[in-house]
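The values are calculated or read from the model by the stated rules, or taken from the named source; none is laboratory data. Keep in mind the model is a prediction, meaning the values are calculated, not measured. All Cβ positions, even for glycine, are placed from backbone atoms using ideal geometry, and neighbour counts span all protein chains on display.
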Amino acid sequence: MREIGGYIELDTYRDQMLHEDGILLNSGRGCLWYLLKARKIRKIVLPLYCCDCVREACAKVGTEVRYFSVDEQFLPRDVQLEEGEWLYLVNHYGQLTQEQIRRLKAQYGRLIVDEAQAYFAEPVTGVDTLYTCRKFFGVADGGILYTDADLAEELVTDESFARMGFLLGRYERTASEFYADYVANNEIFAEEGTKRMSKLTQNLLHALDYDFIRERRRANFEFLDRALRKYNRLSVHSVDGAFAYPLMVEHGADIRKALIAEKIYIPCLWPNVLDDAEKGSWDYQLAADILPLPVDQRYGLEDMEYLAEEVQRCIS
């Protein structure tokens, strides 16, 4: 029954939303589940340097998985597809260009591109592409999929109002106070089925200043690159709306611990690789030694200067 009157809820925002023309779902892994089901994918090749949630999504639908390594440019190394097999390409730190993705599409044909770390990258026409909202914006859920494959299943719409506490709490207090709630929200998607994106998340995504976010992230990335490239084992290029600055250094785990002690929270992406990859291999080094330094829209150049100084102090 329709309600009129009473107290006023959160306003409805009407600015343009980036990727609104995609299929709006509740998570990145939900996007992959949708694709696996819609395209009836039975075999897939994943990068070893990848989040284990991708493997879990494949297991849910019974898709057979094998792995490949990436090179210093995050491109597939020595991959040959078997009959009916698909290649799952992660655009690590947004370092792959559209032209590289087009070439890989021409080479392999059956290609899925994961843009979880490159929200501002445009999808390549004709390539199944997925995005994750939570890695870039203050929302509790959200994934976006570009595909021409139809899923012959009805999906319910998610509701996220009960999972907003860690976001609202951090806005007024510290991250450490609400970290457990943040982790709990992430764990929900391991068990929760694929749903349509919540109305609340869609509304918040209509309120964002995407031009500001894109430019702030790019400027922060470039500042850190100028300050820290002499330490970086990776050769990286500037990215519009960058996810993070990937600083790869020896003994990255020790430096990460030192930074966390100074309340500079640098995650390990992804700890599962440390168990899956051979110790000392390139994939293992990527997981152990890359420090994904934050460049997001909360921070300006003064913050980046402080961050760079602290990183240099820990390295030296």
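Structure values in brief
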{"read-out": "Filter result for residue 87 (over 16 Å from the mean Cα position of the chain (by Cα) and without any contact (Cβ under 8 Å) to a residue 24 or more places away in the chain)", "value": "no"}
{"read-out": "Where residue 187 falls short, out of the listed (1) out of contact with any Leu (no Cβ under 7 Å at 6 or more places or on another chain); (2) closer than 22 Å to residue 243 by Cα; (3) touching a residue at least 40 places away in the same chain (Cβ under 8 Å)", "value": "(3)"}
{"read-out": "Candidate set: segment 266-316, residues that are without any contact (Cβ under 8 Å) to a residue 60 or more places away in the chain and of a type in the set (Phe, Trp, Tyr); chosen: the one surrounded by the most Cβ atoms within 10 Å (Cβ to Cβ)", "value": "284"}
{"read-out": "Residue under evaluation residue 228, criteria (1) closer than 17 Å to residue 302 by Cα; (2) in contact with a Phe, Trp or Tyr (Cβ under 6 Å, 6 or more places away or on another chain), criterion not met", "value": "(2)"}
{"read-out": "Condition met for residue 148 (modelled with pLDDT of 95 or more, out of contact with any Leu (no Cβ under 9 Å at 6 or more places or on another chain), on the phi < 0 side of the Ramachandran plot and of a type in the set (Asp, Glu))", "value": "yes"}
{"read-out": "Hits in segment 10-64 (condition: of a type in the set (Ser, Thr, Tyr) and either in contact with a Phe, Trp or Tyr (Cβ under 8 Å, 6 or more places away or on another chain) or closer than 22 Å to residue 213 by Cβ (or both))", "value": "12, 13, 27, 49"}
